[in-house]
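Reviewing the structure listed below.
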Amino acid sequence: MSGPIESAYDTTPLPEPDESDGDGSQEKSADNGKDLGGLVPEDKVAWETAPSFNQDPQDIGDGGDQPDKKDPGPPAGDFGVSLSSLRTAEASMLVEARAMVAKYEEVRTHVVAAKDTVFGQTAKDKPDDGEGHTSLEAGYHPPAEASDNPFAPAAREFAAEMNPAMERALLQVGSALEKFGEYIALVNHSGQAYGHTDRESRFPAPPGNA
């Protein structure tokens, strides 16, 4: 890269970074040069309307440490569940999820489309087009190909640092949105489990005559 250029307009330039890690080599970030694009998720909201609580809950796998089946513990006390409030909260979260996913996808597609050129990595200088010359004139040369702009190598070096950083940020946001979707699914599963429990509840049989 070229040395610093003094500006007549910037009276408080940033200090030069320490480019060595002690052995004279330039320090790079952990993601330098890594292609993280394949890890960046394409998110979408699978549900337009969440499944009904009247449907039986599906097995969602091992939920972690399970109590010993031989010792279920003491019975639970009385409790109540407002399925209508749960449904309202779930619908509200779906609305928020759709808005967040739409904005995330807007940013993700923009980054994917622009990351290879946005920093000037492919900037070229136009060659002399040779206007005014013909093949019959002495000294004629065919038009030269465009050459790299002097800033293009620095732009490529910058992109090698910045592109993985942008992809890492997208990966973190996309993964957080996926976790949010998993939470909404668990809320729906809880509603279905409560509904199933209510439908399967039975009064005990009356005691026999003594």
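The values are calculated or read from the model by the stated rules, or taken from the named source; none is laboratory data. Given the structure is predicted, the values throughout are model-derived calculations rather than measurements. Virtual Cβ from ideal backbone geometry, glycine too; neighbours counted across all protein chains shown. With ligands, DNA and RNA removed, areas are computed over all heavy atoms of the protein, side chains included. Shrake-Rupley method; radii C 1.70, N 1.55, O 1.52, S 1.80 Å.
Any chance you could run the full-extension gain for residue 6 through residue 60? It's 0.36 nm times the residue separation minus the Cα-Cα distance, nm to one decimal.
Going from the current span to full extension adds 13.2 nm.
Work out the FRET efficiency for residue 82 and residue 113 from their Cβ-Cβ distance, taking R0 = 41 Å, and round it to the nearest 0.05.
0.35
What's the local net charge at residue 195, with K and R +1, D and E -1, over the other residues with C-beta under 15 Å away?
That sum, taken over residues with Cβ under 15 Å, equals -2.
What ³J(HN,Hα) values, in whole Hz, does the Karplus curve 6.51 cos²θ - 1.76 cosθ + 1.60 give for the range 193-207 when θ = phi - 60°, with x put for Gly and Pro?
For the range 193-207, the Karplus-derived couplings read 5, 5, x, 5, 4, 5, 5, 8, 6, 9, 6, x, 5, x, x Hz, x marking Gly and Pro.
How many nm is it between the label spots at residue 52 and residue 157, if each spot is 7 Å from the Cα in line with the beta carbon?
6.5
Sequence-distant or interchain residues sharing an amide H contact under 5 Å with residue 148, placed H: which?
125
From the protein chains alone at 1.4 Å, what is the descending order of accessible area for 194, 183, 104, largest first?
Largest to smallest exposure gives the sequence 183, 194, 104.
Identify the residues of the range 143-184 with backbone N under 13 Å of a label point that sits 7 angstrom from the Cα of residue 126 along the Cα-to-Cβ direction, or state none.
Those under the cut-off are 146-147.
Go through the range 41-46 residue by residue and turn each phi into a ³J(HN,Hα) via Karplus (6.51, -1.76, 1.60, θ = phi - 60°); whole Hz please, and just put x for glycine and proline.
Once θ is set to phi - 60°, the couplings for the range 41-46 become x, 9, 8, 7, 8, 6 Hz.
Calculate one ³J(HN,Hα) per residue across the range 178-191 by plugging θ = phi - 60° into the Karplus curve 6.51 cos²θ - 1.76 cosθ + 1.60, and present them in order as whole Hz with x for glycine and proline.
5, 5, 4, x, 5, 5, 4, 4, 5, 4, 5, 5, 5, x
In whole angstrom, note down how far apart the Cα centers of the range 146-210 and the range 87-111 are.
Here the answer is 11 Å between Cα centres.
Which FRET efficiency, nearest 0.05, do residue 203 and residue 71 yield, Cβ-Cβ r, R0 25 Å?
Rounded to the nearest 0.05, the efficiency is 0.40.
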